[in-house]
1. As I understand it, the dipole of region 1-110 uses +1 on the Cβ of Lys and Arg and -1 on the Cβ of Asp and Glu, about the Cα centre. Which of L16, A83, A102 lies farthest toward its positive end?
2. Just check region 1-110 against the gyration tensor rule for me: Cα atoms, a ≥ b ≥ c as the square roots of the eigenvalues, rounded for a/c under 1.5, and otherwise prolate or oblate depending on whether a/b exceeds b/c.
3. Given 0.36 nm per residue, what is the gain on full extension from D337 to H500 after removing their alpha carbon distance, in nm?
4. Dipole of the chain, Cα-centred, from +1 at each Lys and Arg C-beta and -1 at each Asp and Glu C-beta, to the nearest 20 debye?
5. Using the Karplus equation 6.51 cos²θ - 1.76 cosθ + 1.60 (θ = phi - 60°), what ³J(HN,Hα) coupling, rounded to whole Hz, does each residue of region 533-544 give in order, writing x for Gly and Pro?
6. Enumerate by residue number the trypsin sites (Lys or Arg not before Pro) in region 161-261 meeting two conditions: DSSP loop (anything except H, G, I, E, B), and at most 14 other Cβ atoms within 10 Å of the site's Cβ.
7. Report, in degrees rounded to the nearest 10, the 0 to 90 angle that the Cα long axis of helix 405-417 makes with the longest principal axis of the chain.
8. Would you list T610, T274 from fewest to most Cβ contacts within 10 Å?
Amino acid sequence: MTAPAPMDGSADLAWLDDALRAGDVARHAPARSRVFEAAELDRGGVVVRHLLARVADGSPDVRLMVLAVLADLCPQEGLWPAAADAAAVALGDPDERVRRAAAWLFVAAAGADEGTLLLFGSSDPVTRTALAEALWLRMLQQSDHGGRWVDLVDRMRRDDHPAVRFLGACAGLLTADPTDWPRLDAAVRGDLAPAADALGGEGGRISWRAGEWWAIVLRRRDREQDAYAAVGQLVRAGEKECVRQAGLAIAAEAMRTWRAAPDRLAPVLSAVFTQRASAVWTAAVGVVCASLTATRLVADQLTRMLVEPAVSAEVAVALGCVGDPRAVPELLRLLGDDDPPSRLGDALATVAAASPDPTGLVQVARQVLAGHPGPCREEPHRHRCPARVAVRLLSALGPHAADAVPDLAARLADAMQRDVLPEARPVVGALAAIGAAAAPAVPLLRRYAVSSDAAADLAVRALLTITGDRRIADDYLDARPERPRRCRIAPDLFDWLAQHGGLTDRQVRQLNHLFTQPGRMQASSATAYWRHHGPPAAPTLLSTLPQYLDDDTFAPPAMKALAAMGPHARPVIPVLDRLITSRHRVAVHLGDADAEMRADEHLLQQAMATRAQITAAPI
């Protein structure tokens with residue numbers, strides 16, 4: 001097989017060559033979108049043919065990128081012979097990264113049957129490992145109807161190459177009877193160390209190391225106790241580093257899967273903390289710090305690591321996220337950095353709520369605002385802008401941040417003057433949280449409330465909170481339809497009005513209609529609905545709110561309403577108990593496995609607090 005020759009008129013594709021050299025086709029950029037649009041219109045067209053020809057490019061980085069893009073372009077169903085031919089050529093590349101990418105492309109374009117033939121026909125260990133990984137992922141994604149994968153798995157388990165044998169044993173565990181688990185576990189354990197360096201190499205579509213492959217199998221078969229046992233055996237001192245790292249990978253996956261894992265594994269992992277600093281030591285700290293529950297359990301040991309440069313930032317953020325004030329000095333030091341950790345805002349906001357003396361926090365936040373007068377950085381790192389983190393800290397401090405009102409007002413005025421209104425939104429929220437002491441900012445907020453920003457209504461809510469003038473809410477709601485479908489701030493306005501004189505007849509009709517809108521509006525307006533209608537509304541609320549209790553987005557407002565109902569919400573206790581006692585974490589989709597774990601931990605804490613409030617007093 002030979003790679004396609006460059007086509008005539010390639011000068012018209014200078015944009016594609018430029019994008020390949022710059023790496024734009026490998027990331028979200030206009031050139032990448034242009035490639036995908038061209039492939040969708042004509043998979044045999046000039047753009048795709050040019051890409052296929054560049055598999056033989058002189059630069060290995062370009063070859064690697066082209067193969068990755070071609071794999072992205074492969075159809076979900078069916079084959080792509082032209083791409084398979086190009087991949088077959090690249091399997092002879094001198095760069096092993098390129099050979100890995102070619103192997104993955106070959107399986108995607110030629111199919112599992114051809115990939116299997118090549119797996120057992122190739123003599124290159126890099127190619128064979130990558131082919132086995134690609135085929136294994138197919139097994140994971142596609143059920144084994146009619147024993148389709150049995151022969152492949154058996155041959156992989158008997159292979160001469162440790163990485164292929166390891167993957168074969170893992171694949172066998174996906175479908176094996178429990179009686180066969182000990183034998184297959186032993187095979188996995190036996191090849192773990194020899195296979196470790198070969199797995200997850202650069203150029204492959206996934207970078208899973210040995211422990212991650214094993215962890216996925218344990219999770220898929222819901223082998224919770226076996227996972228805990230494996231961690232205890234693998235992380236022991238004296239094992240090879242790759243074996244201990246595999247144990248940590250299983251521990252991380254276990255914590256993301258089973259709610260009991262932090263309690264079971266934190267003591268095991270904290271034993272590593274007492275050992276000499278190493279890559280394993282650092283990784284163990286990372287696994288523990290990813291979980292709020294595990295962090296609380298070993299907080300005293302983690303506190304002693306605040307002086308260790310390699311992990312001090314990670315440890316401080318983790319401790320801050322559970323409200324441990326011992327992390328405050330390091331958190332404030334991090335706030336002064338130009339590139340703070342991504343979770344620093346969460347940590348400072350949490351620790352601020354528990355701070356007995358917020359004076360120092362306010363002072364540092366004001367210094368950061370003074371030192372960063374310009375705009376925040378662009379997405380996707382906007383949340384790591386020091387000034388943005390400082391504003392979030394002030395918001396969490398609420399009325400205690402009154403001294404920072406001039407700084408916040410100046411930042412609001414600057415954003416409005418530069419006509420970058422979205423930058424003002426966090427500032428508006430902070431002023432609202434400060435409350436009455438933010439009165440000097442009212443004129444600016446009135447201007448922002450009538451601006452063109454899509455979130456200008458946030459200023460209306462802030463004005464109501466700061467001034468306590470119900471006319472602000474009345475005027476806003478009077479301008480809204482009587483049957484609103486969505487209104488971001490209306491639930492908060494209704495809740496405030498219900499506690500400050502009550503709703504007008506028209507506002508009651510608005511609230512009642514908003515409560516009929518499923519999703520965010522229904523959950524968010526439930527508390528106001530209860531405050532206005534009282535006990536007669538309990539049956540309606542109890543038939544509506546339970547559906548939201550396992551949703552990380554809608555559960556907080558739904559639980560707030562149930563807590564406000566107190567003992568009238570007792571019929572929902574069985575639903576809360578099922579949520580609280582579940583072995584498994586609630587499914588959350590944030591694109592970050594550790595963030596999803598923490599979202600479930602927050603949800604569990606909220607559910608337990610809600611239950612306690614409901615059962616606190618008799619009817």
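We did not get these values from a lab; they are worked out from the coordinates using the rules stated. Since the structure is predicted, the reported quantities are computational estimates derived from the model, not experimental observations. Note that we place each Cβ from the backbone using ideal geometry, even for glycine, and neighbour counts take in every protein chain shown.
1. A102
2. rounded
3. 54.3 nm
4. 1680 debye
5. 8, x, x, x, 8, 4, x, 5, 5, 6, 8, 10
6. R236, K240
7. Helix 405-417 sits roughly 70 degrees off the main axis of the chain.
8. T274, T610
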